[in-house]
Every structure is written in C-alpha cells, then in structure tokens.
Amino acid sequence: MSMEFPENLRKTKSRIQVWEVLSEAKIPLTARKISEDSGVWLSSVYRALDAFEKSHAVSKTVLKDSQEALYAIASPGHHHYAICMNCKSRTELEGCPFGDESALHTVDHDFVVVGHVVEVFGYCKKCRGKMQKSPHSEEHGDR
Ligand SMILES: [Zn+2]
Ligand SMILES: [Zn+2]
C-alpha cells in the first residue's frame with residue numbers, strides 16, 4: 001500500500017525516492033537504510049526527511065540507547081506510535097496521552113505549546129513470545 005506524496009511539498013527527485021522507500025517499508029527505517037535502499041546520498045536523505053518531518057508527513061523516533069533515529073510515514077491526523085525495541089515494528093497508540101495541546105502549560109505560564117513528541121517503546125507480542133522461551137525470562141513475571 002503506497003501513500004501519496006505530501007501535497008504541500010515540492011517534488012524533487014531525492015524526496016520522491018525517499019518517499020517511495022518509506023511508503024514500501026513495513027517497519028520504521030534509519031536514514032542510513034533509506035539511503036541504501038533508495039540510492040540517494042545520506043545527506044540528501046536527511047534533507048528530505050527534514051522536510052517531510054516539518055510538514056508532519058513523517059514521524060521520527062529515537063529509541064532509548066540508540067544513536068540512530070527511525071523514520072516512518074505518519075498517517076494523517078494526530079497519532080503516536082509505540083516501537084518494538086527488538087524488531088522495530090510499530091503500533092499505534094490508543095489516543096494521545098496529552099489530549100488537547102491547549103491544556104498543556106508550563107510552570108511560568110509564559111510559554112505557548114504548539115506541538116509535542118511522544119516516544120513510546122517496548123516489546124511486541126511476537127518478540128515477547130521469543131523472549132519467554134529463553135531461560136532467564138521466567139523470574140520476571142508480568143507486572
Ligand atoms: Zn518486536
Ligand atoms: Zn499527542
């Protein structure tokens with residue numbers, strides 16, 4: 001299932017190639033992997049991703065303890081995703097933990113919030129299944 005190129009962005013060759021790779025990807029990708037798969041120079045991939053991110057067409061996640069960000073096409077509207085730290089699969093969060101942004105205030109009330117990023121990570125069902133088969137996992141029950 002291929003997603004439409006964002007309407008509000010100028011089409012350049014590298015943007016189109018990056019978009020094609022992202023729209024065919026089943027899991028979020030690093031810029032390096034996008035560069036490999038598209039044949040676009042890494043620096044151009046970053047520029048394209050930057051433009052996509054600014055227009056909210058692509059979401060960026062940096063997993064804890066990871067140097068490299070993961071990029072994926074964002075479905076239209078307000079969504080957040082949880083990413084599996086093992087297989088990098090992505091699943092949508094039910095609703096937004098912040099709800100309406102107008103309800104967010106800083107301590108000094110002098111700051112206008114216009115956006116937020118939520119990073120959620122853990123382990124998907126498949127990976128938890130695999131982990132439970134390994135010998136050391138049994139001492140940690142579900143919390
Ligand atoms: Zn997983
Ligand atoms: Zn939100």
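Structure summary
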{"read-out": "Residue count for segment 91-121, restricted to those that are assigned to a loop (DSSP other than H, G, I, E, B), of a type outside the set (D, E, K, R) and in contact with a strand residue (DSSP E or B) (Cβ under 7 Å, 6 or more places away or on another chain)", "value": "1"}
{"read-out": "Breaking point among (1) within 16 Å of ligand 2 (Cβ to nearest atom); (2) surrounded by 13 or more Cβ atoms within 10 Å (Cβ to Cβ); (3) within 13 Å of the chain's Cα centre (by Cα); (4) among the hydrophobic types (A, V, I, L, M, F, W, C), for F98", "value": "(3)"}
{"read-out": "Matching helices (runs of 4 or more DSSP H) fully within segment 1-66 where at least 3 residues are surrounded by fewer than 16 Cβ atoms within 10 Å (Cβ to Cβ)", "value": "13-24, 42-54"}
{"read-out": "Residue in segment 108-119 that is of a type in the set (V, I, T), in contact with a Leu (Cβ under 7 Å, 6 or more places away or on another chain) and exposed (fewer than 13 other Cβ atoms within 10 Å of the Cβ) present", "value": "yes"}
{"read-out": "Residue among V107, V120 that alone is of a type in the set (A, V, I, L, M), at pLDDT 80 or above and more than 16 Å from ligand 2 (Cβ to nearest atom)", "value": "V107"}
{"read-out": "Residue check for A72: surrounded by 15 or more Cβ atoms within 10 Å (Cβ to Cβ), without any contact (Cβ under 8 Å) to a residue 60 or more places away in the chain and away from ligand 2 (no atom under 14 Å from the Cβ)", "value": "yes"}
{"read-out": "Among (1) away from ligand 2 (no atom under 16 Å from the Cβ); (2) within 28 Å of Y123 (Cα to Cα); (3) not in a loop (DSSP other than H, G, I, E, B), the one test that N86 misses", "value": "(3)"}
{"read-out": "Single residue of segment 55-78 satisfying the filter (modelled with pLDDT under 85 and closer than 18 Å to E4 by Cα) that is nearest to the chain's Cα centre (by Cα)", "value": "A74"}
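The values are calculated or read from the model by the stated rules, or taken from the named source; none is laboratory data. Since the structure is predicted, the reported quantities are computational estimates derived from the model, not experimental observations. Because the Cβ atoms are built from the backbone with ideal geometry, glycine has one as well, and the counts that use them run over all protein chains shown.
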